[in-house]
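**Q** This is the structure I want to talk about, given as structure tokens.
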Amino acid sequence: MRIRRRYVLATVVVIAAAAGTTVGMATSKNGGVAISRNTLTLQLAWTTQTRFAGYYAALAKGFYRRAGLDVEINPGGPDVIPEQVVLGRRAEFGIDWLPSLLQQRDAGKDLVNIGQVFARSGTSEVTFKSSGIDAFEKMRGKRFGVWKFGNEYEQEAALVKYGMDPKKDVTLVKQDFTMVPFLNHEVDASSAMTYNELAQVFEAKNPKTGKLYTLKDLNVFKYENLGTGMLQDGIFVKGDWIKDKAHQATAVKFLQASFKGWAYCRDHFKECVNIVVAQGTALPKGHQTWQMNEVNKLIWPSKLGIGVMDPTAFKRTANIAHTFKVIKKPAANAAYRADLARKAVAALKKQGVDVTGKSFKPAVVKLKAGGK
């Protein structure tokens, strides 16, 4: 499904001479005054859900519009590779996990991360307490669920860190993006994003009790806490596009409006759930509410300011990617630039926006059967 939202009455589009950016002359709703707007596209990494709420909020609350930007948000899906969309100039901005960007760069593709929104990893490994696997080193000899397609590196790095050979000491089981095999006890441990698959467990009933599973039934090993978390959901662009000074200025405006959207979803998370649900989504509202709350935990607090890359976290991600042959060559620092995010953060601070969320406290969200 393609989502296109406009906040203007009419647009006469002129194709810019440089780098394929479209610049529109948009007629405002107030007095018919012509305003020049940059028409831009953002390609998401997955389908419409609160994982991307900050961008939808920036659209719905008019943050992009007030920054002089006319933004189109394109949902992703299993057949959409955001890096390829941006490389093909069908979008100026993309969202994806940092290892995917490093892999593309390793293959000679000119992509640059300009805003690292998620400050920490949301990947975890889950076991039932009844299994007795209450420490990660006890995974030895177990059926260990992992996603493939490049999503298994945090898990393999943790196994190595805790003295296990992923190819010998555990039985790696390829899992899909549901928790059915785990709930059926077909695997001993299952990969789960804290904002998605973990919720699927809490939305299911324990057949022994007839009640929904709770955290008391599980051991949740977060890879961020294990020291092998890799950075996820960053904003990236084409390297040659961002070399243009005018595009850098546009990017700062885009980042500023997007970060403001995320700050808004931190402080108004229920409203942001409604904003996303109104767009049309396959996930039920209760599940989306859980996801919004958990995604906020991955962003806030942000000690350097939202979107500003932490060099230590980048190095950890890059080292894991190189160690596990996601990339053949060590990643260069040129894979990201933090100056544009810093400018966006500085501008927001002048507006009085809390850009670090130092006092952020997550809500308590109770799930219902099926995520309703």
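The values are calculated or read from the model by the stated rules, or taken from the named source; none is laboratory data. Owing to the predicted nature of the structure, the values given are computational and were not obtained by experimental measurement. Neighbour counts run over all protein chains shown; Cβ positions are idealised from the backbone, glycine included. The accessibility values were calculated without ligands, DNA or RNA, using every heavy atom of the protein model including side chains. Shrake-Rupley method; radii C 1.70, N 1.55, O 1.52, S 1.80 Å.
**Q** Once phi is turned into θ = phi - 60°, what whole-Hz ³J(HN,Hα) does the Karplus curve with 6.51, -1.76 and 1.60 give for every residue of segment 287-299, x standing for Gly and Pro?
**A** 5, 5, 5, 4, 4, 4, 5, 6, 5, 4, 5, 7, 9
**Q** Which lysines, if any, have their Cα less than 23 Å from the Cα of residue 211, not counting same-chain residues under 8 positions apart?
**A** 129, 285, 366, 368, 372
**Q** Give the share of C-alpha pairs in each 10 angstrom bin for segment 152-231, from 0 to the last occupied bin, in whole percents, shortest bins first.
**A** Each 10 Å bin holds this share of Cα pairs: 16, 47, 30, 7.
**Q** How far apart, in nm, are the 7 Å Cα→Cβ label points at residue 140 and residue 209?
**A** 3.2 nm
**Q** Can you spot the lysines whose alpha carbon is less than 17 Å from residue 349's alpha carbon? Ignore those fewer than 8 places along the same chain.
**A** 253, 260, 303, 358
**Q** A follow-up question, please. Positive end of the dipole of the chain, charges at C-beta (+1 Lys, Arg; -1 Asp, Glu), about the Cα centre: which of 230, 340, 49 has its Cα farthest in that direction?
**A** Positive-most Cα among the choices belongs to 340.
**Q** Here's something else I'd like to know. Compute, for residue 177, the solvent-accessible surface of its heavy atoms (probe 1.4 Å) with the complete set of protein chains present, and express it in square angstrom to the nearest 10.
**A** Rounded to the nearest 10, the figure is 90 Å².
**Q** Helix 245-267: angle to the longest alpha-carbon principal axis of the chain, degrees 0 to 90, nearest 10?
**A** Taking the Cα atoms of the chain, the angle to 245-267 is about 50 degrees.
**Q** Another question, then. With a 10 Å cut-off between alpha carbons and a GNM built on the chain, which of 324, 254, 118 moves the most?
**A** 324
**Q** Another question about this same structure. With a 1.4 Å probe and all protein chains in place, put 95, 81 in order of accessible area, largest first.
**A** Result, largest first: 81, 95.
**Q** Something else about it: If you take every DSSP beta bridge fully contained in the chain, what fraction is antiparallel? Give it as a percent rounded to 5.
**A** Values: 30 of 44 bridges.
Percent antiparallel among DSSP bridges in the chain is about 70.
**Q** For segment 308-372, state what percent of all Cα-Cα pairs lands in each successive 10 Å bin, counting from 0 Å until the bin that includes the largest distance.
**A** In order of increasing distance, the bins hold 16, 26, 23, 28, 7 percent.
**Q** Also, I was wondering about something else. Residues of the chain: accessible area per residue at 1.4 Å, in Å²?
**A** 45 Å²
**Q** Pull up all non-local amide H partners of residue 115: gap of 5 or more, or a different chain, and H-to-H distance under 5 Å with H placed in the peptide plane.
**A** Under 5 Å from the amide H of residue 115: 235.
**Q** Between beta-carbons, use under 10 Å as the cut-off and find the net charge around residue 239, counting Lys and Arg +1, Asp and Glu -1.
**A** +3
**Q** Now for a separate question. How long is the gain from residue 297 to residue 244 if the chain were fully straight, where each residue apart is worth 0.36 nm and the alpha carbon distance is subtracted? The partial results should precede the final answer.
**A** Details: separation 53, 0.36 × 53 = 19.08 nm, distance 3.43 nm.
Value of the extension gain: 15.6 nm.
**Q** Over the Cα atoms of segment 175-273, Rg to Rh with Kirkwood Rh, two decimal places?
**A** That ratio is 1.14, to two decimals.
**Q** Work out from phi, with θ = phi - 60° and the Karplus expression 6.51 cos²θ - 1.76 cosθ + 1.60, the ³J(HN,Hα) of each residue of segment 109-124, listed in order in whole Hz, and give x for Gly and Pro.
**A** Here the 3J(HN,Hα) series is 8, 8, 10, 9, 6, 10, x, 9, 5, 7, 7, 8, 6, x, 8, 9 Hz.
**Q** For labels at residue 329 and residue 148 in the simple 7 Å Cα→Cβ model, what's the distance in nm?
**A** In this crude label model, residue 329 to residue 148 measures out at 2.9 nm.
**Q** Could you work out the Rg to Rh ratio of segment 40-110, with Rh taken as the Kirkwood radius (inverse of the mean 1/r over all Cα pairs)? Can you show the working numbers first?
**A** Values: Rg = 12.8 Å, Rh = 12.8 Å.
Rg/Rh: 1.00.
**Q** Between residue 312 and residue 369, take the C-beta separation as r, use R0 = 45 Å, and let me know the FRET efficiency to the nearest 0.05.
**A** Efficiency, from the Cβ-Cβ distance: 0.65.
**Q** If you don't mind, another one. How long is the gain from residue 165 to residue 185 if the chain were fully straight, where each residue apart is worth 0.36 nm and the alpha carbon distance is subtracted?
**A** Gain on extension, residue 165 to residue 185, equals 4.9 nm.
**Q** Quick check for me: using +1 on Lys/Arg Cβ and -1 on Asp/Glu Cβ, what's the dipole size of the chain about its Cα centre, in debye to the nearest 20? Working shown, then result.
**A** Values: 55 positive and 32 negative charges, 175 e Å.
Dipole of the chain, to the nearest 20 debye: 840 debye.
**Q** Using a 1.4 Å probe on the protein chains only, how many percent of the accessible area of segment 61-196 belongs to carbon and sulfur?
**A** Values: 2540 of 5360 Å².
With neighbouring chains kept in place, the figure for segment 61-196 is 47 percent.
**Q** Further question: So how exposed is residue 185, as accessible area in Å² (1.4 Å probe, rounded to 10)?
**A** 100 Å²
**Q** How large is the helix-only mean residue ellipticity at 222 nm for the chain, computed as the sum of -39500 (n - 2.57) over DSSP H runs with n ≥ 4, divided by its residue count, in deg cm²/dmol to the nearest 500?
**A** Computed ellipticity for the chain at 222 nm equals -10000 deg cm²/dmol.
**Q** Using label points projected 7 Å from each Cα along Cα→Cβ, tell me how many nm separate residue 350 and residue 174, to one decimal.
**A** 5.3 nm
**Q** Using only the Cα atoms, work out Rg/Rh for the chain, with Rh taken as the Kirkwood radius, to two decimals.
**A** My calculation of the ratio gives 0.98.
**Q** With a 1.4 Å probe and all protein chains kept in place, how do 337, 89 rank by accessible area, largest first?
**A** These residues rank, largest area first, as 89, 337.
**Q** Let me ask you something else. Exactly which trypsin sites (Lys or Arg not before Pro) in segment 156-202 are in a DSSP loop and have at most 12 other Cβ atoms within 10 Å?
**A** Taking segment 156-202 and a limit of 12 other Cβ atoms within 10 Å, the loop trypsin sites (Lys or Arg not before Pro) found are 167, 168.
**Q** If you average 1/r over every pair of different alpha-carbon atoms in segment 87-222 and take one over that average, what Kirkwood value in Å do you get?
**A** By the Kirkwood definition, the hydrodynamic radius is 16.6 Å.
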